Every structure is written in structure tokens, then in C-alpha cells.
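Trainee: The structure under discussion is supplied below as C-alpha cells; questions concerning it will follow.
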Amino acid sequence: MNHTVKAIVLAAGKGTRLQTEGVTLPKVMRQAAGHPLLHYVLDALNFIPREDIILVVGYRREEILAAYPDYPAAEQLEQLGTGHAVQCASEALSSFHGDVLVCCGDMPLMRMETYRALVETHRSQRNDCTILSGFSEEELPYGRVIRDADRGFLRIVEEKDCTPEEKTVRELNAGVYVFQADRLLEALGSLRPDNAQGEYYLTDVPAYLLAHGGRIGVCAVCTPREMLGVNTPAQLLQVEHELSSEPEDQ
């Protein structure tokens, strides 16, 4: 990999449901198996130079910046959704024309191999956007990847906005994407909070690009294990168990 790829790591969340027993750390700074959640994400991204990895920070951002001073950062002062988070980082992309990997700072089980496969799929297919997906029979609270009759990408529907029929779809959006930078910036300006949460969804960007002649791909290599994010104390324990059971050289 080289400097034609940048990464945006979403790390602004407070993690309200994790604020237990007086712990007030930002979500991505919660510890699992001896390290902050963000540590594992950045370790898996080390095929990209640090100066090309932008941390989107918000709640208690000074603690994240003190722990990771070598990474550029953008501030998301209000939590208005994933699309808004990426908008906050858009200034760092203003003169960049390569590919942008967008991922979450609270998904410590995502492997480097999966990130690389996503970027390589994006490039080999010459896509404007490539979505990371995976299949699971578990009732996970993830958006569904909706395809057309020819199995081409149609749209992503967030779990809270799914119809009963859409909820039966087993292909889940992992919340990780690669975008061509210019097309991403174009689409970010189109986002509207017309959904159940009243937020700016990054998941609306692929549908916008598709409607405006863009090429959208799906890289369906994410495992259910890798999809695990941390929003509750129980999920933190589950992730810690998974990390603790990994061989030491991983």
C-alpha cells in the first residue's frame, strides 16, 4: 500500500452504555485484554502510514490525542451520525484524490487481511465505493445490504429502519467502506437526516453514488466475529474474551 490510500477512523463516541462504575473514558479508550479498543484497530491499519490515518474524535478527545499523538485528527463536536463524522474529516481530504478507507474505532477484531482485501477489491473493480459485508444468522443490530434481482448492490438499510422483510436479509453491512475521495466528498454534501434517528447516515452515500452513475461493489469477506463492536459491558467482555484467546503473535 502507498500514499494513494487514506483512512478515516470514527472515534468520537461517548459510549453511554459503557459508562459504568464511574468509568468515563471515551468508548474507543476502553480497555480489552490490556489495550484500548482503538489500539487494535490502528494496529490492523498499519499498512497505511500514520500520517494518512485521520482520527475523528469528539467526547474527551484530549485523552485520545494524548495517547495517539502521531495521528492527524478531526473534531466531531456533535454526534450527528456516521455521515456527519466523515464530513468533519472532509477538510483533510480536500486535496486528496486517492481512495479513502472508513472504519470504526470500536471494532477491535477486524483483521488487517480483511481491510486489505476490501481495498484491493475496490481497486481491482475500479469502484467508486466498495462496502464490506458479511453473512450471519445471528440477530445482530447491523444494516442490511439490499441487492437487486441480478445480485447487484441496491441500497443499505439501517437496522432500525428495516421493514420486517428487510430484517430477514442475512447479508450485513460491517460499517467499513472504501470510497474514491472525490466521489465521497461530492456525496457527503447530499446527506439529509431523513431517517428514524434523525442522523446523517454514511450508508446513504453508496445509494447516492449509484443514482449518479457511480460503480458500487460489495466485498463479502467479513466474518461475524470481526463485525463485533463494543456498545455494552457485555460486548466489551465478549471482545476481551476473543482477544485473550488469540495467539500472542497476532
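The values are calculated or read from the model by the stated rules, or taken from the named source; none is laboratory data. Fair warning: this is a prediction, and the values are worked out from it, not measured in the lab. Here the Cβ positions follow ideal geometry from the backbone for every residue, glycine too, while neighbour counts run over all protein chains shown.
Trainee: Contact list please: Cβ distance under 6 Å, first residue in the range 171-183 and within 10 Å of GLY143 (Cβ to Cβ) and of a type in the set (D, E, K, R), second residue at pLDDT below 95 and buried (at least 22 other Cβ atoms within 10 Å of the Cβ), pairs at least six apart or on different chains.
Mentor: none
Trainee: Right, something else. Given the condition over 27 Å from GLN197 (Cβ atoms), assigned to a helix (DSSP H, G or I) and more than 15 Å from the chain's Cα centre (by Cα), answer yes or no: does some residue in the range 143-158 qualify?
Mentor: Scanning the range 143-158, I find no residue that is over 27 Å from GLN197 (Cβ atoms), assigned to a helix (DSSP H, G or I) and more than 15 Å from the chain's Cα centre (by Cα), so the answer is no.
Trainee: Could you run through the range 121-170 and say how many residues are loosely packed, with under 15 Cβ neighbours inside 10 Å and in contact with a His (Cβ under 7 Å, 6 or more places away or on another chain)?
Mentor: Of the residues in that region, 0 qualify.
Trainee: Applying the selection to the range 159-179, what residues are in a strand (DSSP E or B) and acidic (Asp, Glu)?
Mentor: Step one: of the range 159-179, the residues in a strand (DSSP E or B) are 171-179.
Scanning the range 159-179 gives a single hit, GLU171.
Trainee: Starting from residues that are of a type in the set (Ser, Thr, Tyr) and in a loop (DSSP other than H, G, I, E, B), keep the ones in the range 186-219 and report whichever is surrounded by the fewest Cβ atoms within 10 Å (Cβ to Cβ).
Mentor: To start, the set of residues in the range 186-219 that are of a type in the set (Ser, Thr, Tyr) comprises 190, 200-201, 203, 208.
Remaining after also requiring in a loop (DSSP other than H, G, I, E, B): 190, 200-201, 203.
Values: SER190: 14, TYR200: 21, TYR201: 22, THR203: 22.
The selected residue is SER190.
Trainee: With the checklist (1) of a type outside the set (Gly, Ala, Ser); (2) modelled with pLDDT of 95 or more; (3) surrounded by 15 or more Cβ atoms within 10 Å (Cβ to Cβ); (4) closer than 21 Å to MET112 by Cβ in hand, flag the one item ASN46 doesn't pass.
Mentor: Unmet for ASN46, out of (1) of a type outside the set (Gly, Ala, Ser); (2) modelled with pLDDT of 95 or more; (3) surrounded by 15 or more Cβ atoms within 10 Å (Cβ to Cβ); (4) closer than 21 Å to MET112 by Cβ: (3).
Trainee: Do we find a residue being of a type in the set (Val, Ile, Thr), surrounded by 15 or more Cβ atoms within 10 Å (Cβ to Cβ) and within 18 Å of ASP182 (Cβ to Cβ) anywhere in the range 58-66?
Mentor: Taking the range 58-66 first, the residues of a type in the set (Val, Ile, Thr) are 64.
The next check asks that each one be surrounded by 15 or more Cβ atoms within 10 Å (Cβ to Cβ); those that pass are 64.
The next check asks that each one be within 18 Å of ASP182 (Cβ to Cβ); those that pass are none.
Within the range 58-66, none of the residues are of a type in the set (Val, Ile, Thr), surrounded by 15 or more Cβ atoms within 10 Å (Cβ to Cβ) and within 18 Å of ASP182 (Cβ to Cβ).
Trainee: Failed condition for ALA85, given (1) assigned to a loop (DSSP other than H, G, I, E, B); (2) of a type in the set (Gly, Ala, Ser); (3) modelled with pLDDT of 95 or more, with all others met?
Mentor: (1) is the only condition that ALA85 fails.
Trainee: Further, regarding this structure: Those residues that are in a helix (DSSP H, G or I) and without any contact (Cβ under 8 Å) to a residue 40 or more places away in the chain, I need them from the range 102-142; list them, please.
Mentor: First, pick out the residues of the range 102-142 that are in a helix (DSSP H, G or I): 112-124.
Within the range 102-142, GLU113, GLU120, ARG123, SER124 qualify.
Trainee: Can you pull out every residue in the range 49-82 that is under 24 Å from ARG192 (Cα atoms) and in a loop (DSSP other than H, G, I, E, B)?
Mentor: GLY58, TYR59, GLN76, LEU77, GLU78, GLN79, LEU80, GLY81
Trainee: Follow-up. Which of the following residues is of a type outside the set (A, V, I, L, M), touching a strand residue (DSSP E or B) at 6+ places or on another chain (Cβ under 7 Å) and at pLDDT below 95: THR16, THR4, THR24, THR20?
Mentor: So the residue among THR16, THR4, THR24, THR20 that is of a type outside the set (A, V, I, L, M), touching a strand residue (DSSP E or B) at 6+ places or on another chain (Cβ under 7 Å) and at pLDDT below 95 is THR4.
Trainee: If CYS222 passes every condition in (1) touching a helix residue (DSSP H, G or I) at 6+ places or on another chain (Cβ under 7 Å); (2) part of a strand (DSSP E or B); (3) among the hydrophobic types (A, V, I, L, M, F, W, C) but one, which one does it miss?
Mentor: Exception for CYS222: condition (2).
Trainee: In this structure, does ARG183 turn out to be under 19 Å from the mean Cα position of the chain (by Cα), buried (at least 16 other Cβ atoms within 10 Å of the Cβ) and closer than 25 Å to LEU45 by Cα? Let's see the steps before the verdict.
Mentor: Working: under 19 Å from the mean Cα position of the chain (by Cα): yes; buried (at least 16 other Cβ atoms within 10 Å of the Cβ): yes; closer than 25 Å to LEU45 by Cα: yes.
It is true that ARG183 is under 19 Å from the mean Cα position of the chain (by Cα), buried (at least 16 other Cβ atoms within 10 Å of the Cβ) and closer than 25 Å to LEU45 by Cα.
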